[in-house]
1. Enumerate the lysines that LYS26 could reach by cross-link, defined here as Cα to Cα under 24 Å, with residues fewer than 8 away along the same chain left out.
2. Enumerate the calculated ³J(HN,Hα) couplings along the stretch 20-26 in order (Karplus 6.51 cos²θ - 1.76 cosθ + 1.60, θ = phi - 60°), each rounded to whole Hz, writing x wherever the residue is Gly or Pro.
Amino acid sequence: MIGGKAPSIYLSDIQNHKQVGLSDEKMNDILKSHCIDPESLRTDNYEQFIARRKEQLIQIVELAMGKTIERESRDYDLDAQEDDVQLQEDVA
């Protein structure tokens, strides 16, 4: 049901399925309970979806740890790290 479809389409498909039959409000409540921003999915805004979900999950971790987590993004070049590991293996 989901494969290859935009979230705005598959959410509607799921909600309107004969065995589901959920209103937008009920579906939004379910999504929110999983730290998913319904607006982001319904507008197919993947970057906003990731940013909002990341923030909500960080807040949960902070609450559990009793600490503030650094929000500054650190961009790591995973390809470069893999190259470094390969180089180290070749030298050894």
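Here, each number is a calculation from the coordinates, and none is a lab measurement. Remember, it's a predicted structure, so these values are computed and weren't measured experimentally.
1. LYS5, LYS18, LYS54
2. Going residue by residue, I get 10, x, 9, 6, 4, 4, 5 Hz, with x marking Gly and Pro.
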